[in-house]
Amino acid sequence: MKFHATPLPGVVVVEPTVFEDARGFFMETYHAPRFAAAGVRLPFVQDNHTRSVKGTLRGLHFQVTRPQGKLVRVVAGEVFDVAVDLRRGAPTFARWHGQVLSAENRLQIYIPPGFAHGFCVLSDTADVLYKCTDVYDPQGDRSIRWDDPAIGIDWPVMEPILSPKDAAAPTLDAYDGDLFPYAGPETP
């Protein structure tokens, strides 16, 4: 298993070691001691699975009262996955990192608490699995507009399919104190 740093501190791309033969393949998708050695030490407490059609954009989502770290992977299809730093005062505040995740490349991305997350589907359909470091909290659930010019994500879709919630999401500047403090070089 290899861990690749990204320009956003704490956001890590995980490249599993894959063992293939005539029967198929085997790979470890999570190994607590290896993840801890790479700086991912939070326990995972909830697993989610979503299936979406081509052009669907989910996000940008985050929770303020129970921030979630997410370990994201695609088991069918292909997505463009995005993390946005929401830690006020961080040198990378409002910057984003995008990564293509697919069943073929088998990459994963870890997005720590304090970041928003979203993805758009590039294939006909995509099944996305993600582990969360905290449970879903509807009262603390927030969204940021997918095409917020203050963030400037270069999405590979022009007219995405959005949920009503995501279509009505406010821009980043609507969140005065409802973001995360920056506590130094480590992520929250």
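Read-outs: derived from the displayed coordinates by stated rules, not from any lab. In this text the structure is predicted, and so the values were computed from the model without any measurement. Methodologically, a virtual Cβ is constructed for each residue, glycine included, from the backbone with ideal geometry; neighbour enumeration extends over all protein chains shown.
Worth pointing out:
- Relative contact order of region 43-181, taken over Cα pairs closer than 8 Å and 6 or more residues apart, is 38 percent.
- Candidates Leu101, Val128, Pro91 compared by Cα position along the dipole of region 7-137: farthest toward the positive end lies Pro91, with charges placed on Cβ.
- Helix-only mean residue ellipticity at 222 nm for the chain, each DSSP H run of n ≥ 4 adding -39500 (n - 2.57), per residue, nearest 500: -1000 deg cm²/dmol
- The charge dipole of the chain, taken about the Cα centre with unit charges on the Cβ atoms of Lys, Arg (+1) and Asp, Glu (-1), comes to about 380 debye, rounded to the nearest 20.
- One chain, two ends: Met27 and Asn105. Fully extended at 0.36 nm per residue, the span grows by 26.9 nm beyond their Cα-Cα distance.
- Ordering Lys70, Lys54, Lys165 from the fewest to the most neighbouring beta carbons within 10 Å gives Lys165, Lys54, Lys70.
- The value of relative contact order for region 78-132, using C-alpha pairs under 8 Å at least six residues apart, is 46 percent.
- Which of His49, Gly118, Ala150, positive extreme of dipole for the chain (C-beta unit charges): His49
- The convex hull drawn around the Cα atoms of the chain, when projected onto a plane and averaged over every direction, covers 10.7 nm².
- Taking 0.36 nm per residue of sequence separation and removing the Cα-Cα distance, the Lys2/Asp141 pair yields an extension gain of 46.9 nm.
- For region 123-147 versus region 1-56, the spacing of their alpha-carbon centroids is 16 Å.
- Relative to the current alpha-carbon distance between Thr50 and Asp154, full extension at 0.36 nm per residue lengthens the span by 35.2 nm.
- Mean Cα-pair separation over length for region 33-122, i.e. relative contact order, pairs under 8 Å, 6 or more apart, %: 39 percent
- With a Förster radius of 25 Å applied to the C-beta separation of Thr17 and Ile161, the computed FRET efficiency comes to 0.10.
- Extents of region 25-68, taken as max minus min of Cα coordinates on every principal axis and listed largest first, are 38, 36, 17 Å.
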